[in-house]
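Okay, structure first, notes after.
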Amino acid sequence: MIAPEPHAEAGHLVEVSEASPAETAPALNEPLYFLVAASRSAATLGMLPATLSVLSDRDDWAHRDYEKVMGELGVAGEQLETLCKQVAELGEARAEAMQSRDEALAWAGQLESRLAQAERTVSEQSRAIAERDGEIARRGGLRWWLRLPFARFFGR
């Protein structure tokens, strides 16, 4: 900032400190430079604007706060990158799980098909066994044995 030294009528300058932000100073505590403007006529110097409003940060706490926020932003960026990687890994794991599930469902479908085929085979075999049991029961009776010689003789 390059400005004339403030006076009550010329402008407003406030310097604050982080240690005591409620206490203000009406001038810069430790200005870096003093510049002097000179002219042959006072009218030329009078053409400079005299109104000035400045807030000075004696301890640079606004800048340190900026650095702190930027550091936290960097950490948040790293955390975001880590989270994005984790999301990608979870997406891959989900895809693998879905593929495993689909394979398991296909295998279960094959098992159900084999089970249905086995049940049909058991049903057919049970029916054949029932027919044989009926024939055995029929041949086990006295009546069949008595009719057998006549059936053989007449070719039935």
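Readers should treat all values here as calculations from the given coordinates under stated rules, not as data from a laboratory. Because the structure is predicted, anything quoted here is derived from the model rather than measured.
Some values worked out for this structure:
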{"read-out": "Residues whose placed amide H lies under 5 Å from that of Asp59, excluding near-sequence neighbours", "value": "Glu18"}
{"read-out": "Kirkwood-type radius of segment 60-141, with distances r between different C-alpha atoms, in Å", "value": "19.5 Å"}
